[in-house]
Structure formats: structure tokens, C-alpha cells
Amino acid sequence: MSDIDFELGPICEATVKGNQRITPPASDEVRHLVLHVDDPAFRFLEGQTIGVVVPGPHAFGNRYHLRRYSVANARQSAAEDGVDVEILVRRCFYVDDVSGERYPGIASNYLCDAAPGQRITLSGPYRSPFRMPPGTSANLLMIGVGTGVAPFRGFIQHIYGQVGGWQGKVRLFYGARTGMELLYMNDQNADLANYYDERTFKAFQGVAPRAHLGAEAGLERSIDENAREVLELVEDPSTYVFVAGLERVEEALDKAMAKAAGSAERWQALKARLRDEDRWSELIYG
């Protein structure tokens, strides 16, 4: 690592190696960025986040703007020429509650517009609530919406590309507003299709009945359509559950699982048991 900033923690410099839009023009813009860190001391694990530091000055006199993003690739072996860190970025805008004016999100637009060769300051990586269970026999139930699929891509790469011989079931349940927004699973970029031949891996995609209902409705749909399998996995003491995405993802999950379990009370009891046994973890962002 390079310098230490008391507010940011460890920071380092990265070079934009690639910046590719992975959603079609007719949908929300989501980009896959590859950032190369040439510091041989830099390391990360699947499920961790990194901070992107946008130089200022910014509103209210802030010297910098920091935004965290989940790492979307598996750990890499030490190399003299450094490592690549991959992230997913959705171009965001917000509307001022008072004026009604539309403003671009600082970090997302900074990254979406970043050209190959541009230098970017990173902080972290930061500790993750996600931890891979020991061995290769555990079942992994990964549930997410939107860019919440990023850490799961890293898990899947690590399981099948680096660990090998995974015996447990690996299941991904993912929701999106439209088929074009099924990140890494749409016609524009079907990255996760590389693992469809793996005996223990299955991905279940759900698209919202109507786009305005949001990605969470797509997740509910994917769970509803496969309720028996999800419930069997949750009831299996070998299963570890990972949840990632916007705040509404947990509400959608609770609704779908209450239906699958037969009642909200039964589902909450199952969920509490998973938490008590340290087999439930989540990464929820606003």
C-alpha cells in the first residue's frame, strides 16, 4: 500500500485497464470495470469491498468523495506486476427534493466515464460480512438483485476456477427488472454461462412481471418458481446463505420465503436459526 490517510485508511493507486458496458443501450447503464493495482502488496478476497476516492473539491467543502463497491472477481496469486480488481458500476442520478433538479451521482459517473489508462485512487479492501465455509461440501445459497450479483461472481470464479472439486450445491437466485438487466446473464454479457456445465452449479433468474415493480419483484418470482428447492436448501444444516443488493432485497426475500415456508413465523424461525449458527450473512447497501 502507499500512503495512509486517517480518514480513508490504506490507499493505493490503480489504472483503468478496461471499462465495458454490459447492458444494452435500451436499459439502465451498468459497466464492468477492470482496475489494475501494480502494488504487489495489494490483496483482496471474494466478497470484500473497495473504496473509490473521487477527488474534490465537492459540495460542502469535502476534499474527496468515497464510495464502496463489491469486488466482482476472485482473489489472485501474488504477482510482481500487481493484480486486477473488477467492479460493477451502475450510472446513477438523483433528484433534489427541494428544487426537483436531476444531478449525476458523483462516484458512479466518475467511474462510468473513466477511460482506459486513467489513474484512480482506491481505499481498502474492507472486511466483508461474507465468509466462505471451510472445505468443499457446504451448500451455498446466493441471493441478490442488481449489482448485488458482483460478489457472487467472485465466489463462483473462486469455487470452480481455483478450489475445484466442490461437492456441495451452489445456487444463485437473482432478480432484475428486465431480461436485459440480468447482469452477467444477458445477451450483452453472459459471463456466468461459463459455469452452467458445472455439475453442482445452477442459476435461477427472475424478471419482474412489469419493469416498474423493480428487480426485487424478479427475485420474488425466481424464488416462487423454485420454492421447494430453496426451502430444502434452507432447511439443510450444510447450507450457508448469502444475500446482497439494495435495501429492498431482504423485504422481497422475506415475502417470498414466508410463502415458501408456509408462514412468516416459520420463515423467521428458520432465518433466526441460520443466524444463530453463523450460516447467514448479508451485504445490503442503500
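None of the figures in this text is laboratory data; all of them are computed from the coordinates on show. The shown structure was predicted, so the numbers you read here are calculated from the model rather than taken from an experiment. Backbone-built Cβ (ideal geometry, glycine too); neighbour counts: all protein chains shown.
A few comments on the model shown:
- Lys pairs under 29 Å by Cα in the chain, provided they are eight or more residues apart or on distinct chains: 9
- Residue order for Val89, Val53, fewest other beta carbons within 10 angstrom first, comes to Val53, Val89.
- Rounded to 10°, Cα long-axis angle of helix 248-261 versus longest principal axis of the chain: 10
- As an equivalent ellipsoid, the chain spans semi-axes of 31, 23, 18 angstrom, where each value is the square root of five times an eigenvalue of the C-alpha gyration tensor, largest first.
- Segment 32-90 and segment 116-182 have Cα centres lying 16 Å from one another.
- Along the axis of the charge dipole computed for segment 4-126 (Cβ charges of +1 for Lys and Arg, -1 for Asp and Glu, origin at the Cα centre), the listed residues Leu45, Ser27, Ser77 are led at the positive end by Ser27.
- Candidates Ala261, Ala41, Ala107: whichever shows maximal mean-square fluctuation once the chain is modelled as a Gaussian network with Cα springs under 10 Å: Ala41
- Here segment 131-217 yields Rg over Rh of 0.99, to two decimals, using C-alpha coordinates and the Kirkwood radius.
- Exposure proxy shown here: for Ser108, Ser99, the number of other Cβ atoms within 10 Å sets the order, fewest to most, as Ser99, Ser108.
- Anisotropy class of segment 4-126 from Cα gyration tensor, a/c 1.5 cut: oblate
- Ellipsoid fit via the Cα gyration tensor, segment 132-286: semi-axes of 21, 21, 13 Å, each the root of five times an eigenvalue, largest first.
- With viscosity 1.306 mPa s and temperature 10 °C, the Kirkwood radius over alpha carbon pairs of segment 194-262 converts through Stokes-Einstein to a diffusion coefficient of 122 µm²/s.
- Near Lys169, the amide H atoms lying under 5 Å from its own belong to Asn139, Leu140; only residues 5 or more places off or on other chains count, and H is placed 1.01 Å from N.
- Looking at segment 62-165, the pairs of alpha carbons with a distance over 17 Å make up 66% of the total.
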